[in-house]
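See below for the structure under consideration.
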Amino acid sequence: MIGVAGLGYWGPNLARNFDDLGVLCALCEVDADLRERYTPRYPNARMYAGFDDLLADDAVRGVVIATPVPTHYDLARRALSAGKHVLVEKPPAMRAGEIDELVALAADRDLVLMPGHLLLYHPGVRKLKQLIDVGELGEVLCVYGNRQNLGIVRTNENALWSLGVHDLSVILYLLDEEPELCVAHGRDFLTEGVEDVVFCYLRFPSGKIAHMHLSWLDPHKMRRLTVVGREKMVVFDDMELERKVTVYEKAPWKRTDTYGEWQTRSGDIFVPKIPTDEPLKLECQEFLRLVAGEGDRRKVAEDGARVVRALERLTDSLRG
Ligand SMILES: NC(=O)c1ccc[n+]([C@@H]2O[C@H](COP(=O)([O-])OP(=O)(O)OC[C@H]3O[C@@H](n4cnc5c(N)ncnc54)[C@H](O)[C@@H]3O)[C@@H](O)[C@H]2O)c1
């Protein structure tokens, strides 16, 4: 059974999904008004004001942490120490040292430590991964993400931490490599110390490269990821309703009769059907699967740590 901590903006979505899945047994929120609001909505869930009271509930096997980012490491550490499986919202920690400690604690106790990287459960992103893994695109050369919009202007989290964590989790998932170089440039135009425009460059040991443009100062609303392979190229566009994924049969090639000069080939454009399942529901189901002993819980935790390590290196580069 599952307990959800934090009922601000995002936590209620997690509570709803676990309730729909029939496993929500407890809620925890420090704000009295929010406790009052959600108590009648979930009559079968015990409501706690203190996180320790949630941890003391023996019926709770898995704890879902949807509290502000700076609290994630401490709450996840306490939950794992209490023997609970943990699903912690993104990013699961703010420093590499913290996430490494959480991963070790989870491994030591054979518990699930799953970061809430929602996009990894998006059927469109799963399709990208499948296209890459079966070799449909040929050798992957580069990946780049665009996550831009005019607003919401955040003052407590920069564009890298607020927007970049999504694309970074997807890029590392798709390429399944630890970057050897992480470089970020950006500026804090609106709020001092909070970068609203950030450009990131990643290079991987295989030679692949990736880029992310993250900004809430932009005329375009973009939620797009492009993967360039030697044989085909593919675009995942989360702003599209029906064309979430588009595969382009476009590639460079060498004709033998032109003395090895590069030509380009433009073939069909293909739009695979992408299921419309709610990614958050799939994420919650994956957590339950891991808690039940299915899947590779160690890899899920390690993958989460890889994202935090890259975020830390990009942050150091941005400030350096
Ligand atoms: N995956 C996504 O797409 C997505 C979207 C939005 C937010 N998030 C993540 O969800 C998390 C929460 O974000 P939010 O926007 O809901 O924040 P929020 O500030 O609206 O809500 C956080 C809630 O946690 C409560 N809280 C704080 N400390 C607590 C504690 N010790 N025990 C119990 N409750 C506590 C606060 O009172 C607040 O109600 C963040 O990590 C954020 O990155 C993820």
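Values quoted throughout were computed directly from the atomic coordinates according to the rules given, and no laboratory measurement underlies them. Every value quoted in this text rests on a predicted model; they were computed, and no experiment measured them. Because the Cβ atoms are built from the backbone with ideal geometry, glycine has one as well, and the counts that use them run over all protein chains shown.
A few notes on this one:
- With 20 Å bins from 0: P(r) over the chain, alpha-carbon pairs, percent: 30, 56, 13, 1
- Listed values for segment 209-219 are Karplus-derived 3J(HN,Hα) couplings in whole Hz (6.51 cos²θ - 1.76 cosθ + 1.60, θ = phi - 60°), namely 10, 9, 9, 9, 10, 10, 6, 10, 10, 7, x, and x replaces Gly and Pro.
- Helical mean residue ellipticity (222 nm; -39500 (n - 2.57) per DSSP H run of 4+; nearest 500) of the chain: -10000 deg cm²/dmol
- Cα gyration tensor shape of segment 192-277, rounded if a/c is under 1.5, else prolate or oblate by comparing a/b with b/c: oblate
- Which of Trp262, Trp10 has the fewest Cβ neighbours within 10 Å, and the rest in rising order: Trp262, Trp10
- Under 16 Å of direct C-alpha separation, and excluding same-chain neighbours fewer than eight residues apart, Lys281 reaches these aspartates and glutamates: Asp19, Asp20, Glu89.
- Residue-count net charge about Cys284 - beta-carbon cut-off 13 Å; Lys, Arg +1, Asp, Glu -1: -4
- Applying the Karplus relation 6.51 cos²θ - 1.76 cosθ + 1.60 with θ = phi - 60° to segment 113-118 yields 3J(HN,Hα) values of 10, 10, x, x, 7, 3 Hz, where x marks Gly and Pro.
- Label point distance in nm, Asn156-Leu241, each placed 7 Å from Cα along Cα→Cβ: 3.4 nm
- Gyration tensor verdict on segment 56-191 (Cα atoms; rounded if a/c is under 1.5, prolate if a/b is larger than b/c, oblate otherwise): oblate
- Near Thr191, no amide H atom lies under 5 Å from its own; only residues 5 or more places off or on other chains count, and H is placed 1.01 Å from N.
- Mean Kyte hydropathy of -1.0 or more with a Cα span along the axis of at least 20 Å, helices from DSSP in the chain: 297-319
- Integer Hz, Karplus 6.51/-1.76/1.60 couplings in order for segment 190-195, x for Gly and Pro: 9, 10, 4, x, 10, 5
- Put simply, the amide H of Leu141, placed in the peptide plane, has neighbours under 5 Å in Val228, Gly229, Arg230, leaving out anything fewer than 5 places away on its chain.
- Cβ-based exposure ranking for Glu195, Glu139, in which fewest neighbours within 10 Å come first: Glu139, Glu195
- Near Thr71, once Lys and Arg are set to +1 and Asp and Glu to -1 for all other residues with Cβ below 11 Å from its Cβ, the sum equals 0.
- Qualifying chymotrypsin sites (Phe, Trp or Tyr not before Pro) in segment 204-260, DSSP loop, other Cβ atoms within 10 Å at most 13: Tyr259
- Put simply, the amide H of Met114, placed in the peptide plane, has neighbours under 5 Å in Val86, Leu87, Val88, leaving out anything fewer than 5 places away on its chain.
- Between Asp268 and Arg255, the simple label model (points 7 Å from Cα in the Cβ direction) yields a spacing of 2.4 nm.
- Legend: residue pairs Lys208/Lys232; Lys244/Lys299; Lys127/Lys232, Cα-Cα distance threshold 19 Å; pairs beyond threshold, Lys244/Lys299.
- DSSP-defined beta bridges in the chain - what % are antiparallel, rounded to 5: 60 percent
- The trypsin sites (Lys or Arg not before Pro) found in segment 266-320 that occupy coil by DSSP, while having at most 16 further C-beta atoms within 10 Å, are Lys273.
- Sequence of Thr258, Thr39 once ranked by neighbouring C-beta atoms within 10 Å, starting from the fewest: Thr258, Thr39
- Segment 77-146: trypsin sites (Lys or Arg not before Pro) falling in loop per DSSP and having at most 15 other Cβ within 10 Å: Arg95, Arg109
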